[in-house]
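The values are calculated or read from the model by the stated rules, or taken from the named source; none is laboratory data. Computed from a predicted structure; not experimentally measured. Reconstructed Cβ throughout: ideal geometry from the backbone, glycine too, with neighbour counts over all protein chains shown.
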Amino acid sequence: MSDQTPLHPVVAEVTATIIERSRESRARYLARIEAMRAEGPGRGKLSCANWAHAFAASPGEDRLRALDPQAPNIGIVSAYNDMLSAHQPLEDYPRIIKAAARKAGATAQFAGGVPAMCDGVTQGRPGMELSLFSRDVIALATGVALSHDAFDAVIMLGVCDKIVPGLVIGGLAYGWLPTILMPAGPMTSGLPNSEKARIRGLYAEGRIGRDELLAAEQASYHGPGTCTFYGTANSNQMLMELMGLHLPGSAFVTPGTPLREALVAHSAIRAAQIGVKSDDWTAMGHVIDEKAIVNGVVGLMATGGSTNHCLHLPAMAAAAGIRLTLEDMDALSRVTPLMARVYPNGQADVNHFQAAGGLAFVTRELLAAGLLHEDVRTVVGPGLSRYTQEPVLDGDTLVWRDGARESGDFAVLRPASDPFEREGGLRLLRGPLGRAVIKVSAVKPDHRIVTAPAVVFDNQDDYLAAFKRGELDRDCVAVVRFQGPRANGMPELHSLTPPLSVLQDRGCKVALVTDGRMSGASGKVPAAIHVTPEALNGGALARVRDGDVITLDAEAGTLTIAVDPAEFAARTPAAPPPDGIGHGRELFASLRSLAGAADAGASVLFEN
């Protein structure tokens, strides 16, 4: 397709800029990969005693195969736990993978597990302050799982918010190993999203009780699989497809189906085919290159994906020696059409999106528009056009066929030539208050410019209390500060969404400005999030006072304050609240002190 459709000049320019900016760091990374591959596969480096230890507990068939120097050994890294709906199905996947590996003449071993926490469970609770840093903990745990150096390829099992970025970052440290990501897929559809939002609003206003709210939530989140709104978890799956780490079309196949099981089994077959010793060696560090990163960003913008990936994409890129900036992402968003309306950007869920054409249709359209790099490596071979296909079962045989060429529902999915909007879902804001990100795909145009007096809070609980006391029923810009990565781990502030939405529905001009996160479920209220520098680290939010007039202008890309610059600079910054302890937060104090800036990924693992 790249021969037929010239690459969009902005996509070409941004890609060239990233390549030049990353030249030295990427070269060092690639040299490391080549050096490690040159050492040979794991069993070639391990002593007989090492290798015997590695297979001491394996069943007889696998122990015999371990004697074959040509038999690939596949490592499995999993985020399984049975508390989280998205990860509960992963319990059976190692068994399926091991059986398929044996049929392919390989062995597979469960190399290690990584933690998996759910932002939906910890939302508004102290545990949310551990959430962002769980990504880097997962990366470290992945490194430990692969440290035995006994593998020719890797299959990673994970789905949700910080889990997939953490697996990718950890996997890229072993970037010479071919690596396939395998998710569980979304749960079946439950309570319609419009009804869920309505009930949450009623609860925020105090018009219904907890029992009614809980009944609605249980009807929404009701079975195994990913939550069906288009938040960070499902944005993760989109990214893994567009970046070439999935088997094509595996993102949104529901768990517990024959097709899902067939995909899991085929991941083992494919991993064996592209292992370190094979002629088709496909290193993870080669798949994730500058073009793959750009493809991921374009996919994020075209589908109205999660704001959390303004943190995760720069961090994942850095793990591969690639330097991605918010300016790069903003430039790509400005030329990428918004093709999807999936909750919270619309009322449909991801199952509806998949039925309307899904990622195969999106990929086909973006390639045809010259907005994606087709000439990339993927785990199924060269060329992104392979991801315009969808998996199906022909009897018991897994095959791929061309995906939809037309949208099945124009209310959910539209072609690139006739999109919902001409620009993508995320934008960069700049001004005297710092640099911030805003998700505009869910915000109606008449709410994208807000000028109002600031009401300042140092935590979300104080804001919620003020709302319940009726003190915020007016035009206002809620400033919730000291929520950055160094202050308290940068928790999601999704609990603010229902009351802010209520105020907006009452006719108030409202917006949120924060150095915290607002999650993949960022909704209809304009929110300038990830403000950098953060308040604790010299950021301007520490000098904002009640009554200061702030303008959030998503159209112009600005975030300004109507205070004389000299007066503003002379103000004494507000003192941060006491450091949180309890609920494990004290264990993460060292990580908070090391955290980089949000606009560079907020990582503790890389220089920012």
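For residues that are in contact with a Cys (Cβ under 8 Å, 6 or more places away or on another chain) and modelled with pLDDT of 95 or more, tally how many sit in the stretch 231-255.
Residues meeting the conditions: 1.
Determine whether the stretch 15-30 contains at least one residue that is of a type in the set (A, V, I, L, M), over 31 Å from the mean Cα position of the chain (by Cα), assigned by TED's automatic domain parsing to the domain that holds ALA315 and surrounded by fewer than 15 Cβ atoms within 10 Å (Cβ to Cβ).
no
Looking at the structure I just gave you, is LEU541 buried (at least 22 other Cβ atoms within 10 Å of the Cβ), in a strand (DSSP E or B) and assigned by TED's automatic domain parsing to the domain that holds VAL477?
no
Can you say whether ALA116 is in the same structural domain as TYR93 (by TED's automatic domain parsing), closer than 19 Å to THR226 by Cα and in a loop (DSSP other than H, G, I, E, B), as far as the supplied structure shows?
yes
Could you please give the count of residues in the stretch 443-479 that are assigned to a strand (DSSP E or B) and over 17 Å from PRO578 (Cβ atoms)?
12
Being surrounded by fewer than 22 Cβ atoms within 10 Å (Cβ to Cβ) and either in contact with a strand residue (DSSP E or B) (Cβ under 9 Å, 6 or more places away or on another chain) or in contact (Cβ under 8 Å) with a residue 24 or more places away in the chain (or both) narrows it down to one of GLU365, GLU327, so name that one.
Of the residues listed, the single one that is surrounded by fewer than 22 Cβ atoms within 10 Å (Cβ to Cβ) and either in contact with a strand residue (DSSP E or B) (Cβ under 9 Å, 6 or more places away or on another chain) or in contact (Cβ under 8 Å) with a residue 24 or more places away in the chain (or both) is GLU327.
I'm told SER267 meets every condition in (1) polar (S, T, N, Q); (2) more than 29 Å from GLY523 (Cα to Cα); (3) not in a helix (DSSP H, G or I) except one. Can you identify the failing condition by its number?
(3)
With LEU536, LEU552 as the choices, which residue is assigned to a helix (DSSP H, G or I), in the same structural domain as ARG448 (by TED's automatic domain parsing) and under 28 Å from the mean Cα position of the chain (by Cα)?
Step by step, each of LEU536, LEU552 is checked, and only LEU536 is assigned to a helix (DSSP H, G or I), in the same structural domain as ARG448 (by TED's automatic domain parsing) and under 28 Å from the mean Cα position of the chain (by Cα).
If the requirement is being buried (at least 23 other Cβ atoms within 10 Å of the Cβ), in contact with a Leu (Cβ under 7 Å, 6 or more places away or on another chain) and of a type in the set (A, V, I, L, M, F, W, C), which of these qualifies: ALA292, ALA356, ALA317?
Exactly one of ALA292, ALA356, ALA317 is buried (at least 23 other Cβ atoms within 10 Å of the Cβ), in contact with a Leu (Cβ under 7 Å, 6 or more places away or on another chain) and of a type in the set (A, V, I, L, M, F, W, C), namely ALA317.
Would you mind stating whether GLU34 is of a type in the set (Asp, Glu), in the same structural domain as ILE293 (by TED's automatic domain parsing), surrounded by fewer than 16 Cβ atoms within 10 Å (Cβ to Cβ) and in contact with a helix residue (DSSP H, G or I) (Cβ under 8 Å, 6 or more places away or on another chain)?
Taking the combined requirement at face value, the residue does not satisfy it.
I'd like the residue in the stretch 318-354 that is of a type in the set (Asp, Glu) and under 18 Å from the mean Cα position of the chain (by Cα) and, out of all such residues, is farthest from ALA602 (Cα to Cα).
ASP349
Mind counting the residues in the stretch 65-108 that are under 13 Å from ALA153 (Cα atoms), among the aliphatic types (A, V, I, L, M) and either in contact (Cβ under 8 Å) with a residue 40 or more places away in the chain or not assigned by TED's automatic domain parsing to the domain that holds TRP51 (or both)?
The total comes to 7.
Within the stretch 480-499, restricting attention to residues that are assigned to a helix (DSSP H, G or I) and in contact with a Gly (Cβ under 8 Å, 6 or more places away or on another chain), which residue is surrounded by the fewest Cβ atoms within 10 Å (Cβ to Cβ)?
So, considering only residues that are assigned to a helix (DSSP H, G or I) and in contact with a Gly (Cβ under 8 Å, 6 or more places away or on another chain), the one surrounded by the fewest Cβ atoms within 10 Å (Cβ to Cβ) is SER495.
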